[in-house]
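Below: the structure, in structure tokens.
The values are calculated or read from the model by the stated rules, or taken from the named source; none is laboratory data. Remember, predicted model here, so these are calculated numbers, not experimental data. Reconstructed Cβ throughout: ideal geometry from the backbone, glycine too, with neighbour counts over all protein chains shown. Surface areas here come from the heavy atoms of the whole protein model, side chains and all, with no ligands, DNA or RNA. Shrake-Rupley method; radii C 1.70, N 1.55, O 1.52, S 1.80 Å.
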Amino acid sequence: METNKIRIPESNYKKVVVIGGGFAGLNLAKKLKNKPIQVIFLDRNNFHQFQPLLYQVATSGIVPDSITFPFRKEFNHFKNIFFRMANVLNIDTQIQTVFSDIGSIEYDYLVIATGSDTNFFGMENVERNSFGMKSIQEALDIRSLILEHLERAVVTTDLIERKALMNFTIIGGGPAGVETAGALAEFKRFILPKDYPDLDASNMSIHIVEASDKLLGTMSKTASEKSQKYLEELGVNIYLNTAVTSYDGFNIETNGVVGLKSKSVIWTAGVKGSSPEGLTSEQYTRGNRILVNEFSQIKNLENVFAIGDVACMITESTPKGHPMLAQVAIQQGRLLGENLLRKINGKEMQPFTYKDKGSMATVGKRRAVADLGRFKFGGYFAWLLWSGVHLISISGFKNKLLVGISWVWSYFTFDKGNRLIIRRYQKKKVEELID
């Protein structure tokens, strides 16, 4: 494959190419700040996005700018890091080269930190007609769709269509699904009667469809039961042990519930690794995740690493790999940064050990659930803790301030943020899904 070279300043330092600017890639870059090593940072966007709050953008809780941060601003004082906005197409580990839509670049060390994408488990009709929520663009699509459907519900004279337009179904009862359902329930309670007085708010329904026997499957029984209780108090309909088998844009077919109709289906039921072409099938495991050892090295490759959601580190203590969580990605990124410096300096690398700092999920305003070691609790204090942790984790002081102000405003006024249809949602073409 012949392409132009990506223009990068000449250097005598070892060259590290990092693909992906999520939590893993960004924290790796911070560890390599101004070190004697040249870092080329590639991402399809020119910004980092704080994925845990995408659901708030989708439900008009906060503006998208407040959870995105430009890479170039992040790297202002990183003299050894060079950002290039690019779609990586392929990697060739034999000639140690990365190929992208802006050119190719050779590497001494390669780090794949490309994260994950929505997994529809091969159901093309579900993928075509429902909406994942893994990027700021998808969150904005969902926001537009929700508002457009309510606008259409105001004018339609077809009662069946109006009901379907006002039925919002979330597939998957993990943290993203639970948090989205809670936010939509508050939208129904506090926003719909004011913004859409011509609609009967009681006709808006929110459903969660979960294939397993409980919500928040990776959290404790306490968290699961409390989250279900909170959602039911908010009027959310919960269907457990129910798997979606088909969705045509109107009718939702499952192995249990009959007659569920919705124009708005948000899919949070599964994720899969997202990686460029170039690795062999034996270097992958289930969920399209890349097999790595305890040093994050890809199988049979000494100088190619994978971290974050796309990586699956199988050990005796983690036979299925680590959970696809932000904390895992952050810790892997930081350690790999240190290990790359050790490796370049001829020192032994340190194996990765995940330090579980706990899990939390919010269920609407003023209520959340938390698993922090031996402590399992929910309610107002858990919500305060959730809010504080997320606020601190957002990149940029301005963004922290914007989100904080939005939350305080919402807390006291029961209002939400930007309810503008900036761009009308356009349905994906079948060809795009195939590509």
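Here's a check for you: in the stretch 281-322, which residue that is charged (D, E, K, R) and either under 20 Å from ALA269 (Cβ atoms) or in a helix (DSSP H, G or I) (or both) is most open to solvent (accessible area, probe 1.4 Å)?
Within the stretch 281-322, the subset charged (D, E, K, R) is 282, 286, 289, 294, 299, 302, 309, 316, 320.
Then keep just the ones that are either under 20 Å from ALA269 (Cβ atoms) or in a helix (DSSP H, G or I) (or both); that gives 282, 286, 289, 309, 320.
Values: GLU282: 100, ARG286: 161, ARG289: 24, ASP309: 26, LYS320: 142 Å².
Out of the qualifying residues, it is ARG286.
Name the single residue that is surrounded by the most Cβ atoms within 10 Å (Cβ to Cβ) among those in the stretch 198-246 being of a type in the set (Gly, Ala, Ser) and over 24 Å from the mean Cα position of the chain (by Cα). Break it down stepwise before answering.
Filtering the stretch 198-246 for residues of a type in the set (Gly, Ala, Ser) gives 201-202, 205, 211-212, 217, 220, 223-224, 227, 235, 243, 246.
Checking the rest, the ones that are also over 24 Å from the mean Cα position of the chain (by Cα) come to 201-202, 205, 235.
Details: ALA201: 16, SER202: 10, SER205: 18, GLY235: 14.
Step by step, filter the stretch 198-246, then rank; the result is SER205.
Determine if the stretch 330-346 includes at least one residue that is touching a residue at least 24 places away in the same chain (Cβ under 8 Å) and loosely packed, with under 14 Cβ neighbours inside 10 Å.
no
Restricted to the stretch 402-418, and to residues that are hydrophobic (A, V, I, L, M, F, W, C) and farther than 21 Å from PRO193 by Cβ, which residue is least open to solvent (accessible area, probe 1.4 Å)? Give the derivation first.
Let us first name the residues in the stretch 402-418 that are hydrophobic (A, V, I, L, M, F, W, C), namely 402-403, 405, 407-409, 412, 414.
Checking the rest, the ones that are also farther than 21 Å from PRO193 by Cβ come to 402-403, 405, 407-408.
Values: LEU402: 66, VAL403: 0, ILE405: 99, TRP407: 45, VAL408: 82 Å².
Selected residue: VAL403.
Just to be sure I understand, how many residues within the stretch 180-209 are assigned to a helix (DSSP H, G or I) and under 13 Å from TRP267 (Cα atoms)?
Looking only at that region, the number is 2.
Residues that are of a type outside the set (Asp, Glu) and under 30 Å from PHE305 (Cβ atoms): find the strands (runs of 3 or more DSSP E) completely inside the stretch 323-399 holding 1 or more of those. Show your work before the answer.
Values: elements: 359-362, 368-372, 375-379.
Result: 359-362.
Go through (1) open to solvent by less than 10 Å² (accessible area, probe 1.4 Å); (2) touching a Pro at 6+ places or on another chain (Cβ under 8 Å); (3) closer than 30 Å to ALA243 by Cα for LEU140 and report which single condition fails.
Result: LEU140 passes all but (1).
Can you name every residue in the stretch 22-41 that is in contact (Cβ under 8 Å) with a residue 60 or more places away in the chain and open to solvent by less than 10 Å² (accessible area, probe 1.4 Å)?
Matches in the stretch 22-41: ALA24, GLY25, LEU26, LEU28, ALA29, LEU32, ILE37, ILE40.
Can you pull out every residue in the stretch 30-48 that is out of contact with any Gly (no Cβ under 8 Å at 6 or more places or on another chain) and polar (S, T, N, Q)?
Passing the criteria: ASN34, GLN38, ASN46.
Given the conditions (1) within 29 Å of TYR196 (Cα to Cα); (2) touching a Gly at 6+ places or on another chain (Cβ under 6 Å), and given that ASP65 satisfies all but one, which numbered condition is not satisfied?
ASP65 satisfies all of (1) within 29 Å of TYR196 (Cα to Cα); (2) touching a Gly at 6+ places or on another chain (Cβ under 6 Å) except (2).
Name the residues in the stretch 106-128 that are part of a helix (DSSP H, G or I) and open to solvent by 20 Å² or more (accessible area, probe 1.4 Å), would you?
Taking the stretch 106-128 and keeping what is part of a helix (DSSP H, G or I), we get 124-128.
GLU124, ASN125, GLU127, ARG128 - these are the residues of the stretch 106-128 that are part of a helix (DSSP H, G or I) and open to solvent by 20 Å² or more (accessible area, probe 1.4 Å).
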